[in-house]
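Worksheet: the structure to be examined is printed underneath.
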Amino acid sequence: MRILLQFPEGLKQKALEHAKELEKAGNEVFISASPTFGACDLALDEMRNIKADKLIHFGHAEFHRVDANVEYVPYFIDAPLTLLPGSLDHLKDFKVISILTTIQHIHQLDKVIRFYEEKGKRVVIGKPYGFAKHRGQILGCDIGSAASVDNEVDAHVYFGGGMFHPLGALLNTKKPFFVIEPFADKIERIDSFRETYRKRSNGKKVRALSSKNFGILVSTKNGQHNINFAKIIKQKVEQQGLNAEILVANTFDFTSLNNMMEFDAFVNTACPRISIDDIERTRAPLLGASELMEVLKMKGELKAANVNPDF
Ligand code: SF4
């Protein structure tokens, strides 16, 4: 069988080992060297081009069904639970908590729940919206496990590595938010970031008020492609007498985007995190769809009041 292997960046170091194993079993093996951001980003073009019979995607659970022979191989990592006792002091004022984690640690969720319940907490575990596959699991773009229980809990506790995943959940909830990073040996309360990101979003919207030419980003990645939504956005912009064009790429390269000097604002329809995490990489404001709608509304109001937004 001809097989294409695909690994996210953190697992690319394992590529040779897996390739050799599959070759020994009699397969012809290729390895995708493209950057990989999630199961939303399957190497389907590469698979077609090399006529592979199967794509094996490591590190993520299925994102949504695709019409191709794809096997998902999630990677589970046992994180040390040694920080949990120390977290009790941070959580002493919160009786009801939610626990959130990523696919890498989802097998440890029950242990973490048991620990807090034995210490007298009531633990509520939320359901993801659908891209994530397990209760309590969050993705950068599926924070349902946090948002669905925000009204029921006193605080959220994320257990896992890095800030990418908890940040999305933080921005879509209102309760105190704690991050336990077992590998960094760190417990942190991160609520203050909500205000930081609110200010950043407002700054983008103000900058975009004087924009006339909008570039709408559409990714060709299987789980990020949203051409119909982009067309609706284009129409909305044009209805205000402004210009909009749809910009297509698989992975957006910010140098290339910045070379498109005619556009004075960009609107993201690809991975929702681009317009949150990457806004400092574009010379023009990089808006999410809801931010664009607010900008268009404000522009309409300024026009009606005969106020020039070019301040
Ligand atoms: S957050 Fe972005 S990169 Fe991650 S799974 Fe969602 S769409 Fe893909």
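The values are calculated or read from the model by the stated rules, or taken from the named source; none is laboratory data. Nothing here was measured: the structure is a model prediction, and the numbers come from that model. Neighbour counts are summed over all protein chains in view; Cβ atoms, including those assigned to glycine, are modelled from backbone coordinates with ideal geometry.
From the list 74, 80, which one is touching a helix residue (DSSP H, G or I) at 6+ places or on another chain (Cβ under 6 Å) and either more than 16 Å from the ligand (Cβ to nearest atom) or modelled with pLDDT under 95 (or both)?
Of 74, 80, the one residue that is touching a helix residue (DSSP H, G or I) at 6+ places or on another chain (Cβ under 6 Å) and either more than 16 Å from the ligand (Cβ to nearest atom) or modelled with pLDDT under 95 (or both) is 74.
Among the residues in the stretch 255-272, are any without any contact (Cβ under 8 Å) to a residue 40 or more places away in the chain and among the acidic types (Asp, Glu)?
No, every residue in the stretch 255-272 fails to be without any contact (Cβ under 8 Å) to a residue 40 or more places away in the chain and among the acidic types (Asp, Glu).
If we scan the stretch 84-95, do we find a residue that is more than 16 Å from the ligand (Cβ to nearest atom), aromatic (Phe, Trp, Tyr) and part of a loop (DSSP other than H, G, I, E, B)?
The answer is yes, given that some residue of the stretch 84-95 is more than 16 Å from the ligand (Cβ to nearest atom), aromatic (Phe, Trp, Tyr) and part of a loop (DSSP other than H, G, I, E, B).
All but one of (1) at positive phi; (2) assigned to a helix (DSSP H, G or I) hold for residue 241; which doesn't?
Of (1) at positive phi; (2) assigned to a helix (DSSP H, G or I), only one is false for residue 241: (2).
Look at the stretch 234-252 and say how many of its residues are more than 16 Å from the ligand (Cβ to nearest atom) and either buried (at least 21 other Cβ atoms within 10 Å of the Cβ) or within 21 Å of the chain's Cα centre (by Cα) (or both).
Counting residues in the stretch 234-252 that are more than 16 Å from the ligand (Cβ to nearest atom) and either buried (at least 21 other Cβ atoms within 10 Å of the Cβ) or within 21 Å of the chain's Cα centre (by Cα) (or both) gives 4.
From 63, 94, 7, 76, grab the single residue that is surrounded by fewer than 18 Cβ atoms within 10 Å (Cβ to Cβ), among the hydrophobic types (A, V, I, L, M, F, W, C) and under 24 Å from the mean Cα position of the chain (by Cα).
76
Confirm whether residue 39 is outside the structural domain of residue 249 (by TED's automatic domain parsing), within 16 Å of the ligand (Cβ to nearest atom), farther than 17 Å from residue 188 by Cβ and of a type in the set (A, V, I, L, M, F, W, C).
The answer is yes for residue 39.
Determine which single condition residue 185 fails, assuming it passes every other condition in (1) loosely packed, with under 14 Cβ neighbours inside 10 Å; (2) in contact with an Asp or Glu (Cβ under 8 Å, 6 or more places away or on another chain); (3) of a type in the set (Asp, Glu).
(2)
Mind counting the residues in the stretch 101-152 that are assigned to a helix (DSSP H, G or I) and within 16 Å of the ligand (Cβ to nearest atom)?
Final tally of qualifying residues: 7.
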